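Here is the structure we will look at.
Taken together, the values in this text are just the output of simple stated rules run on the coordinates, not laboratory data. What you see is a predicted model, and the numbers here were worked out from it, not measured in a lab. Ideal geometry is used to build each Cβ from the backbone, glycine not excepted, and the neighbour counts take in all protein chains shown.
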Amino acid sequence: MNAILTMPEMAVTALALGLLVLDLWTPADRKGDLGIAAIGGLALILAGSFLFGAGAPQYAFGGMYVLDGMALFFKRLMLGVGVVALAAALEYSKRFAAGTAEYCALILLAVSGMMWAASANHWALLFVSVELMTVTFYVLVSFERTRMPSLEAGVKYLILGALASAFLVYGVALVFGGTGTLGFAGDSGPGLGTGSVLVRVGLALVLAGLGFKIGMVPCQFWAPDVYQGAPAPTAALLAAGSKAAGFALLLRVLLEAAPDWALEMRPVLMLIAGASILYGNLCAIPQRNLKRLLGYSSIAHAGYMLLGIVVLERAGAAAILFYLAGYACAVLAAFLVAALAFDPGEPEEIPALAGLHRRSPYLAAALALSMISLAGIPPLVGFFGKFLLLKGVVLAAFDSRSFGWLAGVALAGIVTSFYYYFGVVRAIYWSAPAAERPPIAVSRVAGAALGACLVGIVAAGVFPSPLLEAARLAAGALRIP
Amino acid sequence: MASWTIYLSFIGAALLLAVRPRDMRWVRGLALGTALAGLVLGLAAAARYPADPAAPLIVLARARWIPSLGIEYYLAADGISLTLVVLTGIASVAGVLFSWNVERRAAEYFALYLALIGGVYGVFLSFDWFLLFVFYEVAIVPKYFLIAIWGSTRREYGAMKLALYSLVGSALVLVGMLAAYGVSGGQTFNLIELARGGFSSGFQTWAFPVVFVGFAVLAGIWPLHTWAPTGHVAAPTAASMLLAGVVMKLGAYGALRVGMMLFPQGAMVWRPLFAGLGVIGILYGACVALVQRDFKFVIGYSSVSHMGFVLLGLMTLNATGVGGAVMQMFSHGIIAGLLFAVVGRMVYDRMHTRDLADLEGMALNRVLPFAGLTFAVACAASMGVPGFSGFISELLVVIGAWKAFPPLAVLAGVGIVAGAAYTLRVLQKSFFGDHPRAPVEEMGRGQGLTWPERAGAVLLMAATVVVGLYPSLLLDIIMPSLQASWMQAMLKGGQG
């Protein structure tokens, strides 16, 4: 038993429960302090995670749970995402009638689910961690009970999420039926073979279930509606955290547990990647709502990241890790601004951003930087991430010509995306505002969280080496046969 | 020291954004000071070149940037880079002078302007392909905003069209870059090392057109030139000057420095096509310019025509033609700046029309005599009258083309004549209309040119005259660079 390895997850869960208990004795006007405490606690856990070295993989619970370089990378990413999401929640929850502490506690539980997912080495743990995330998100998405769009988003997420969970659990059952074991084979045995029809169908169902989490075509229909309707901090956590957890599981399943099947399915995966890129980018063009636009663009980004999977190499996995970190910084910054720049109840229309540079130059610059990074313009982090992903695909095209069209589709998508990302920047800086609106006060916590995202966007773009080395080290832990 | 052109530009931009001086004098002073410093640094570096004929490359900065991918921060300069750095310096100083009347959000305007300049210097001085690509992309954002915020006619359309064309070009370059990196063993993006290593002729045959077209989009290669007239017309004056004067050279420079230097055999295979497109650009641009009614569109299409000479010169693959192409890049940068300055700043800001039919009735040569003089000089230089820089550069291109493809050289000669035709037409219509509709004294009231306009015009006119009268100033630094070992394969038609 190596239960000590699960310390970070346990600590996050304990923090969430502690928050709920403390909430009972906290007067209404002091609830904000609980949020601060949650942020501080999560930051401490993040700092503590650096006590674990990325050495040889260590296992707990009879191999169900693995702590290797990749798991550690994802955990740190998710803890960072959690800190920023909590800061956004603290700011955003001022518009809730009640429930600040509950909202923060739910975010912590979702983060804990993501962290378990990062270490899943067993089909049961995979399913349980996904459910922990998903069930928490049902509540988080519909948290604004009095706002119709939030409720609508919650119902959509509930129905489609339940469907995805059904796929997932059915797939796991079929794989178990075909192999007789629930553990990912890993280095203890050969990867899942392609022999049994049962296993193949099971894996396809698992792919559909996880595809829901990352928002890839054809499991993407929920994304725009839910991103638009959910409270901004929830949407931030969905985009930056839930997607990362989905990719962590996808990398484990496709590259470690079932590499033969992944190789066989490569044409399908390529098709999915290309379709996601095109669908996300083309549908984002006419959007007027900032959060909905980010919803569609998140589909496109899932497509870009799938490029790192279809090459079926460590370098591709490293590119995904790098990209996820950069994407998290950019998208968290965007949702933070979305949480701050609009009045309660106001739809997040892009034209309403007009004049933002006068109301708050800081928020305007932050949103502009985030959009430019998402568009992939250097020297920001989004550019280097896309460069790494494309590098893998173009180099793979030398071996197999079929990668050529995928590279073409990806580049076409990137060029297209420039159009709508710059539409947002244009709205901020030079559309004439309909009416003069008061300046926006940005609290210290939210300002600091936003600053952290911006530093990440710029620093990892200008000096990508440290993050790239971390990603390569983490991907090196993948046991690709 | 020349690397400080880049840093100073970005520092100036950051300062303007961070401080946002209220006093316009500080804003303009900071912008002008930064641009002047860049010009001085560029001139100083060019004056010392070549210190040693055996070493045609001056290394400015070299450090490991992303070691695991073999990416270096590698700035260096040869005569071709320095020629274009000096051009950028002159154009940027002139551009600031012609932007003196920008009042609306001036700090942001000059910040974006300086950021664009910084990116341009970066491209000209990068000898690592990845670094060059980064600077190339960095330049896209400011030029988009300069047009879209401060532009005029259909500015959002023009800005987006320019940005999308640039990005499509960049996408092609990126594919070529990654492919070359992979084929060469995935060790380096260093352009000199890649050129020395060489590529198989099969690879060059498909990589060359991808990379060359990718860059040439920005050089206005026909039929991908359509962003140029709309972009130039939509842009504010100083941005038009930079777009036509410098940004189009980014494309031509990239096509030469990367496309032709790395893939000489591919260039040999494809050169009839691209030389033909260059000549089509010359003739097409000239013919379209001949029938435009908008003053600024005439200049916009003339840029397409003049950049056709650059492409033709590059595709001759001999020292005369390529040297002429580099001269033409410099010359056109100066002349286009001058032409756009007259149209956009001196005439349009005062008369509020660019319609040649309206201008014909305004007797501008008497209302704005100095503008008339400037425009006459610019037109003479643009037509290739001896004594101006346009003459020597187009002559070299045509001589080079005569050695390579005589029929195309003849057509290019026809293009020079057509250039004279549209230039004389626009000169006559804009400034020397015979029938003023109102007394000259009335129209000219309070419209004298300001000192920054005069200073900028004098600077640009001086540049074209000095180089026209004494072309060795530039040829002495361009030609030794073409003798470098890594350029020789290209000039021998890929046989080296």
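See the values below:
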| quantity | calculated |
| --- | --- |
| Built amide H within the under 5 Å cut-off of A:ASN289, gap 5+ | A:ILE350 |
| Sum of side-chain charges, A:GLY69 neighbourhood, beta-carbon under 12 Å (Lys, Arg +1; Asp, Glu -1) | +3 |
| Per-pair calculated FRET efficiency, R0 = 41 Å: A:ARG401 and A:ARG288 via Cβ, rounded to 0.05 | 0.55 |
| Gain on full stretching of the segment that runs from A:MET7 to A:ALA432 - 0.36 nm per residue minus C-alpha separation | 147.8 nm |
| Relative contact order for chain B, counting Cα pairs under 8 Å that sit 6 or more residues apart, in percent | 16 percent |
| Per DSSP, loop trypsin sites (Lys or Arg not before Pro) in region A:326-411 with at most 11 further Cβ within 10 Å | A:ARG401 |
| A:VAL197 paired with B:ARG105, simple spin-label distance in nm, labels 7 Å along Cα-to-beta-carbon | 6.4 nm |
| For region A:95-110, Karplus couplings with θ = phi - 60° (6.51, -1.76, 1.60), whole Hz, Gly/Pro x | 8, 7, 5, 7, x, 4, 5, 4, 4, 5, 5, 5, 4, 4, 5, 4 |
| Simple label model, 7 Å out from Cα along Cβ direction - B:ARG22 to A:PHE221, nm | 5.9 nm |
| A:ASP29, A:ASP225 arranged by Cβ crowding within 10 Å, fewest neighbours leading | A:ASP29, A:ASP225 |
| Residue among B:MET241, A:ALA124, B:VAL217 farthest towards the positive dipole end of the protein assembly as shown, charges placed on Cβ | B:MET241 |
| Cut-off 11 Å between beta-carbons: net charge of the residues surrounding A:TYR429, Lys and Arg +1, Asp and Glu -1 | +2 |
| Cα-projected label distance for A:GLN58 with B:ALA462, points at 7 Å along beta-carbon direction, nm | 7.2 nm |
| Degrees separating the helix A:148-179 axis from the principal Cα axis of chain A, which is the longest one | 10 degrees |
| In degrees, nearest ten, helix A:197-214 long axis to first principal axis of chain A (Cα) | 20 degrees |
| Vicinal HN-Hα couplings computed from phi for region B:98-103 (Karplus, 6.51 cos²θ - 1.76 cosθ + 1.60; Hz; Gly/Pro x) | 7, 9, 4, 8, 6, 10 |
| Lysine-lysine proximity count for chain A, Cα under 28 Å, sequence distance 8 or more or distinct chains | 22 |
| Relative contact order of region A:2-476, defined on C-alpha pairs under 8 angstrom at six or more residues apart (%) | 15 percent |
| Under 5 Å, built H, 5+ apart or other chain: amide partners of B:ASN190 | B:TRP129 |
| Debye intensity ratio in log₁₀ form over the Cα atoms of region A:2-476, taken at each q of 0.10, 0.11, 0.13 Å⁻¹ | -0.67, -0.83, -1.19 |
| Chain A: calculated mean residue ellipticity at 222 nm from DSSP helix runs of at least 4, using -39500 (n - 2.57) | -24000 deg cm²/dmol |
| Neighbourhood charge, 14 Å Cβ-Cβ cut-off, centred on A:HIS301 and excluding it, Lys, Arg +1 and Asp, Glu -1 | +3 |
| Charged-residue dipole, Cβ positions (Lys, Arg, Asp, Glu), chain B about Cα centre, Debye nearest 20 | 360 debye |
| Neighbour-count order for B:GLU108, A:GLU152, B:GLU103, fewest beta carbons within 10 angstrom listed first | B:GLU103, A:GLU152, B:GLU108 |
| Additional length obtainable on full extension of the chain from A:GLU346 to A:VAL21, 0.36 nm per residue less Cα span | 113.7 nm |
| Kirkwood-based shape ratio for region A:193-335, expressed as Rg/Rh from alpha carbons | 0.98 |
| Residue (of A:GLY451, A:ALA98, B:ILE117) at the positive-pole extreme of the protein assembly as shown, dipole from beta-carbon charges | B:ILE117 |
| Projected-area average for the protein assembly as shown over all orientations - Cα convex hull basis, square nanometres | 39.3 nm² |
| For B:ARG293, B:ARG28, order by how many other beta-carbon atoms lie within 10 Å, fewest first | B:ARG293, B:ARG28 |
| Most positive-pole-ward Cα, B:GLY468, B:ALA2, B:SER485, against dipole of the protein assembly as shown from beta carbon charges | B:GLY468 |
| Assigned charges on the beta-carbon of Lys, Arg, Asp, Glu; region A:2-476 dipole about Cα centre (debye) | 680 debye |
| Residue-wise HN-Hα coupling along region A:307-317, computed from phi with Karplus coefficients 6.51, -1.76, 1.60 (Hz; x: Gly, Pro) | 4, x, 7, 5, 6, 6, 9, 5, 4, x, 5 |
| Only Lys, Arg (+1) and Asp, Glu (-1) charged, at Cβ; the protein assembly as shown dipole about Cα centre in debye | 940 debye |
| Cut-off under 5 Å, modelled amide H: who pairs with A:HIS122 long-range | A:PHE184 |
| FRET efficiency estimate (nearest 0.05) - Cβ-Cβ, B:ARG454 to B:GLU156, R0 41 angstrom | 0.80 |
| Theoretical FRET efficiency, 1/(1+(r/R0)^6), r = Cβ-Cβ of A:VAL139 and A:ALA14, R0 25 Å, to 0.05 | 0.80 |
| Expected 222 nm ellipticity per residue - DSSP helices of 4 or more, -39500 (n - 2.57), all of chain B, to 500 | -23000 deg cm²/dmol |
| Pairwise Cα inverse-distance average, inverted: Kirkwood Rh of region A:1-152 (Å) | 16.0 Å |
| Percentage, to the nearest whole number, of Cα pairs in region B:4-491 over 30 Å apart | 41 percent |
| Inter-centroid distance (Cα atoms) of region A:1-57 relative to region B:312-360, Å | 65 Å |
